[in-house]
Amino acid sequence: MKLRINGIGTYGPGRRIGPACWPHHDLIVVTEGSMVLRCGRQPLTLLAHDAILIPPGTSFAGASGEGGGTIWVQHFSAQGGDMPTALRRRRPMVLRGAAGSEVGRALLRRLHALRERNAREALLLRHVLFRALLLELAQAPAGQRPARPEAQRLQQAIDWAEANPGEARNLSVVARQADISESHFRALFARLRGQPAGAWLRERRMAEARWLLTSTRLTLKEVAAKLGYGDVVSFTRAFGQHQGTPPGRFRRTGPQMV
């Protein structure tokens with residue numbers, strides 16, 4: 001097996017992808033938002049954590065979804081014995097939710113971090129990790145996912161935001177997980193949840209901040225970084241406005257768990 005180009009691309013709403021036709025395999029994983037790819041006549045909608053394995057010589061093109069999207073890409077050459085049996089197909093193979101596991105996400109992050117390191121040890125590690133990623137993806141069944149009702153879309157975005165407080169920096173990012181625009185997400189949230197989406201997200205982030213301040217020994221800078229704030233000043237301002245007291249004072253006066 002030979003690993004080729006690896007990278008991450010972020011696309012605004014409706015941005016074109018391709019057309020392309022590579023002489024090697026192309027693994028595409030949607031990490032945020034959605035993409036619609038066309039391999040032949042059939043359009044394929046890929047949501048966050050979906051993957052598609054495109055075999056050599058396959059023409060494809062597409063575009064990002066309504067809320068934009070981010071993809072992780074790995075080009076590679078492989079012989080039959082290099083691939084898990086479940087992935088040895090001559091047609092594009094869609095793997096629904098295959099990259100959503102904790103292991104899958106960790107492998108993607110580690111492979112991306114190693115992409116520019118050319119030392120022999122790093123190259124060997126990349127090959128081992130990529131084989132592990134293929135095995136992880138091979139556990140997911142191939143097939144089509146039916147269109148999700150709005151309530152299910154909203155819940156998936158909420159679940160993602162609660163599980164990833166550092167990445168859920170604003171409603172635009174959260175809305176991508178439901179494959180809708182921010183304005184649509186705000187309206188949908190208000191209709192189905194009965195409260196403003198902005199207020200909900202602020203409270204989620206502040207709840208995580210309160211937990212980190214009282215249950216860990218992380219510095220204020222580390223807490224701010226975990227919650228996706230650019231610096232301590234912006235975190236302190238946001239926390240003070242929400243709680244009525246600065247985070248340092250809250251930590252000193254609040255119950256300490258450790």
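Here is how the numbers come out for the structure above:
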item: Selection count where residues are more than 21 Å from A157 (Cα to Cα) and at pLDDT 90 or above, scope the range 29-61; result: 10
item: Residues being under 25 Å from G57 (Cα atoms), free of Cβ contacts under 8 Å to residues at least 60 places away in the same chain and basic (K, R) - total across the range 83-123; result: 5
item: In the range 51-89, the residues that are over 20 Å from S181 (Cβ atoms) and in contact with a Ser or Thr (Cβ under 9 Å, 6 or more places away or on another chain); result: P56, W72
item: Residues of the range 65-82 classified as at pLDDT below 85 and either surrounded by fewer than 21 Cβ atoms within 10 Å (Cβ to Cβ) or among the hydroxyl-bearing types (S, T, Y) (or both), total; result: 5
item: Checklist (1) farther than 30 Å from A99 by Cα; (2) in a helix (DSSP H, G or I) applied to Q195, failing item; result: (2)
item: Candidate set: the range 198-225, residues that are of a type in the set (S, T, N, Q) and part of a loop (DSSP other than H, G, I, E, B); chosen: the one modelled with the highest pLDDT; result: T219
item: Selection count where residues are farther than 22 Å from L46 by Cα and in contact with a Gly (Cβ under 6 Å, 6 or more places away or on another chain), scope the range 152-204; result: 2
item: Which listed residue, of A113, A132, A48, is aliphatic (A, V, I, L, M), outside the structural domain of E182 (by TED's automatic domain parsing) and in contact with a strand residue (DSSP E or B) (Cβ under 6 Å, 6 or more places away or on another chain); result: A48
item: Which listed residue, of R191, R126, R176, is modelled with pLDDT of 85 or more, touching an Asp or Glu at 6+ places or on another chain (Cβ under 7 Å) and either surrounded by fewer than 13 Cβ atoms within 10 Å (Cβ to Cβ) or basic (K, R) (or both); result: R176
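The values are calculated or read from the model by the stated rules, or taken from the named source; none is laboratory data. Because the structure is predicted, anything quoted here is derived from the model rather than measured. Note that we place each Cβ from the backbone using ideal geometry, even for glycine, and neighbour counts take in every protein chain shown.
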